[in-house]
Amino acid sequence: MAMARRMATFICLFVVGLSFAAAGDVTLDDDDSSPNIPGCNNKLQLVKVKNWVDNVEGESFAGLTARFGLPLPSDAAKAFKLPAVLSNPLNCCSTASKLSGSIALSMRGDCAFTTKAEVAQAAGAAALVVINDEEDLYKMVCSENDTSLNISIPVLMIPKSRGDALNKSIADKQRVELLLYAPNRPDVDFAVIFLWMMAVGTIIAAALWSLLTSEQTDERYNELSPKESSNLEAVKDDSEKEVLDITAKGAIVFVIVASTFLVLLYFFMSSWFVWLLVVLFCIGGIEGMHNIIVTLVLSKCRNCGRKTVHLPLLDEVSVLSLVVLLFCVVFAVVWAVRRQASYSWVGQDILGICLMITVLQMARLPNIKVASVLLCCAFVYDIFWVFVSPLIFHESVMIAVARGDNSSGESIPMLLRIPRLFDPWGGYDMIGFGDILFPGLLICFAFRYDKENKKGVVKGYFLWLIIGYGFGLFLTYLGLYLMNGHGQPALLYLVPCTLGLTVILGLARGELKHLWDYSREPSSDMNRPVEA
């Protein structure tokens, strides 16, 4: 069991490099500034594109209107379903074939967006849909050469993958029809509140979990004879060995390895690679769920784990442990098979929360010095791969990896996610494991520090760091709102609200030096249950 727990810890720490929160599946790239001229001052609107191929409705997707053109209705009942045709030429930069009563599909490039719109309008198109050459939606604005425009058809852009799929259907002589409308999108979805509660609750549960395991150990210790007590001490020693103490050097190496792994994911993202991550995630999730369930059962029924059976290779195994293990395996396998179903987020969140609680029990920070190295490195790492990487890779590596493989619809599972309840475009609000585990390590240290030094709730650090973490997460989602759904490096907000708060409180209380070089006294470990 110790080996399995170490593997779960290693798996989660290895893939925890994905560390960002996202509130939108659609991002709007490039500056929206443009000359303020007549006919080119429309408000940008997200468009819901419903599509049918040979009268079979497909999955709706999002587009983005231009600064110019006719606004779309906000109600689908007021929109018209029209056939989609490819413009000829495909770039729609010169006189196009007759497009009367149709929605023209054009590829991006070779001429200005306004030129494409004027050509499509002259050919009789009812609307123009420009297919982007990448997945992000570009803001179509006017140029300085435009003096005034009279474009009276809707103009919008759709992602490359969606446009390629429509192109393929038309090339296969299938009838493609589109319905375009721009429903009003809520500024904030209540899913964010539930995601906030899951993240904060996971850290609180992980910190308090040691109390539950300590009580079980104390009860068993009191019931045993002196001979059996010595055996329990051996078990305690084994448990202590299972704990992974993070060092300053290890923290730096981890961030370097996480960056390397993130780049590999970016360049080699494919369905088989995602499947490898799914398998690793399931292994860690099974171990985490097994640990949680067995601990909870034993807390209510101390005698439930005493019945054992002999199995080949495994020797003596608790019946309770075996039954729970089989249940966890079945749960993980069913989730893996059905992970693209609309309800799969429930299983993913359960496995992820169990895994993170277990990892926060197995890995720990010894003092604030190591915490500062780890969180400061993670702080820089998160900002670099979200905000700086587009200057090198032309898109945010962190966000691209979080979206997964668009061609196969696969996405990585190292996220907590919850569907948006009132967003007409659907999608999920997400938070990476790293945004929970990195601050969680510090908060769990604060809980152990308060307990070992007999600090009260108010005079301790745990309560204040939980409040700081919750506030930092709130700032993250506020940033998402102000940045129009752009993925945010959550550690940009979480590290100052946790590590920064710890340093401020330590200075104010005159305890920073003790926190900085803190180590548990050997004598205090003699009669205290292990708190991992």
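The values are calculated or read from the model by the stated rules, or taken from the named source; none is laboratory data. Since this is a predicted model, take the numbers as computed values, not measurements. Every residue, glycine among them, receives a Cβ derived from its backbone with ideal geometry; neighbour counts consider all protein chains shown. The protein model used for the area step is the full one, side chains on, heavy atoms only, and it has no ligands, DNA or RNA in it. Shrake-Rupley method; radii C 1.70, N 1.55, O 1.52, S 1.80 Å.
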Review point. What nm value, rounded to one decimal, do you get for the distance between Ser342 and Glu395 when each label is placed 7 Å out toward the C-beta?
Key: 2.7 nm
Revision key, fill the gap. Phi angles of region 365-372, converted by Karplus (6.51 cos²θ - 1.76 cosθ + 1.60, θ = phi - 60°) into ³J(HN,Hα) in whole Hz with x for Gly and Pro, give 9, x, 6, 6, 4, 5, 4, 5
Exercise for review: Can you list which of the chymotrypsin sites (Phe, Trp or Tyr not before Pro) found in region 139-196 are DSSP loop residues with at most 16 other C-beta atoms within 10 Å?
Suggested key: Phe190
Review point. Which order do Phe387, Phe273 take by accessible area at a 1.4 Å probe, largest first?
Key: Phe387, Phe273
Point to revise | Cα shape, region 277-329, gyration tensor, a/c 1.5 rule | key: oblate
Point to revise | Accessible-area order (highest first, 1.4 angstrom probe) of the listed residues Glu134, Glu511 | key: Glu134, Glu511
Exercise for review: Mind grabbing the accessible area of Arg162 for me, 1.4 Å probe, Å², rounded to tens?
Suggested key: 80 Å²
Practice item. Would you work out what percent of the accessible area of region 46-181, with all protein chains in place, is carbon or sulfur (probe 1.4 Å)? Key: 48 percent
Exercise for review: Work out, step by step, the length gained on full extension between Leu276 and Asp110: first 0.36 nm times the residue separation, then minus their alpha carbon distance; give nm to one decimal.
Suggested key: 55.7 nm
Practice item. Just grab the label-to-label distance for Ser161 and Val333, each label 7 Å out from Cα along the Cβ direction, in nm (one decimal). Key: 2.9 nm
Review point. Using only the Cα atoms, what convex hull volume per residue in Å³ does region 52-112 have?
Key: 131 Å³
**Study point:** FRET E, pair Glu316, Asn453, Förster distance 45 Å, beta-carbon r, rounded to 0.05
**Key:** 0.65
Check your understanding: Using a 1.4 angstrom probe with every protein chain in place, what is the largest-first accessible-area order of Tyr469, Tyr266, Tyr477?
Key -> Tyr266, Tyr477, Tyr469
Revision key, fill the gap. Residue-normalised value, i.e. accessible area per residue, for region 46-181 at 1.4 Å probe, in Å², stands at 44 Å²
**Study point:** Label zone at Val188 (point 7 Å along Cα-to-Cβ), backbone N below 16 Å, region 450-490
**Key:** 470-485
Review point. Given the alpha-carbon gyration tensor of region 46-181, what are the semi-axes of its equivalent ellipsoid in whole angstrom, ordered largest first, with each equal to the square root of 5 times an eigenvalue?
Key: 21, 16, 15
**Study point:** With DNA, RNA and ligands ignored, accessible area of Asp187 (1.4 Å probe; Å², nearest 10)
**Key:** 110 Å²
Exercise for review: At 1.4 Å probe size, with no ligands or nucleic acids counted, give the accessible surface of Ile246 in Å², nearest ten.
Suggested key: 20 Å²
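Report the gain in length on full extension from Thr308 to Phe80: 0.36 nm times residue separation, minus Cα-Cα distance, nm rounded to one decimal. Before the final figure, lay out each step's value.
On the way: separation 228, 0.36 × 228 = 82.08 nm, distance 6.79 nm.
The span from Thr308 to Phe80 would gain 75.3 nm if fully extended.
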Exercise for review: With a 1.4 Å probe and every protein chain left in place, work out the accessible area per residue of region 457-516 in Å², rounded to a whole number.
Suggested key: 46 Å²
